[in-house]
Amino acid sequence: MATTETRTEPLSIGEVAERTGLSVHALRFYEREGLLVGPIQRTAGGRRRYTGTDVDWLLICIKLRESGMPLADLKRFAELVRHGPGNEAERLRLLDAHQRRVEAQIRALEECRSVIAWKVGVYAEHLSRGEAGGLWDPTAGDPTAGDPTT
């Protein structure tokens, strides 16, 4: 996974939004929900200042959420990371359970893709022959007309 370049100067919330694709609102939500692993520094005027490490962590969080990790699990994972060394086995359990869920989703999607590819083939074949006969038509009024598997 690509990480942000090493940068010592802090980043504004707008810069982080641009780098991560999260909205400013979403970044504030992540902070409120305890999804960040470190406290976000603030300027004297109260503006958030992020580090490259904050951005790298957010990019990981984004992928975990995009892959369907429940918010409660992501919160727990962030909490464990914040607590530092000594809880790696629990972190691994969380990630392993999530990986199994993602793999099950992938298998289910592959089954869906297979059915869709089959249906595309059926329709392409019928259209290439210039005939719609044999394609399922539930509006025809005859429940036996056509084959619902086509």
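The values are calculated or read from the model by the stated rules, or taken from the named source; none is laboratory data. Values in this document were obtained by computation on a predicted structure and should not be read as measured data. Don't worry about glycine lacking a Cβ; one is built from the backbone with ideal geometry, like all the others, and counts go over all protein chains shown.
Exactly one residue out of ASP96, ASP73 is surrounded by fewer than 13 Cβ atoms within 10 Å (Cβ to Cβ), more than 14 Å from TYR30 (Cβ to Cβ), within 19 Å of the chain's Cα centre (by Cα) and at pLDDT 95 or above, and it is ASP96. Checked against the criterion of being basic (Lys, Arg) and more than 20 Å from the chain's Cα centre (by Cα), the candidates ARG101, ARG82 yield just one match: ARG82. Annotation note: Cβ proximity below 7 Å between a residue of the range 48-66 that is at negative phi and a residue that is surrounded by fewer than 16 Cβ atoms within 10 Å (Cβ to Cβ) and of a type in the set (Val, Ile, Thr) (sequence gap 6+ or interchain) occurs for ARG49/THR43; GLY52/THR6; ASP56/THR3. For first residues located in the range 102-121 and surrounded by 10 or more Cβ atoms within 10 Å (Cβ to Cβ), partners that are among the polar types (S, T, N, Q) and lie 6+ apart or on another chain with Cβ distances below 9 Å form the pairs VAL102/SER67; GLN105/SER67; LYS119/THR150.
Does SER128 qualify as being among the hydroxyl-bearing types (Ser, Thr, Tyr) and at pLDDT 95 or above?
Numbers: among the hydroxyl-bearing types (Ser, Thr, Tyr): yes; at pLDDT 95 or above: no.
Judged against the criteria, SER128 is not a match.
Applying the criterion of at least 1 residues that are farther than 22 Å from LEU95 by Cα and aliphatic (A, V, I, L, M) to the helices (runs of 4 or more DSSP H) found wholly in the range 1-82 leaves 13-20, 24-32.
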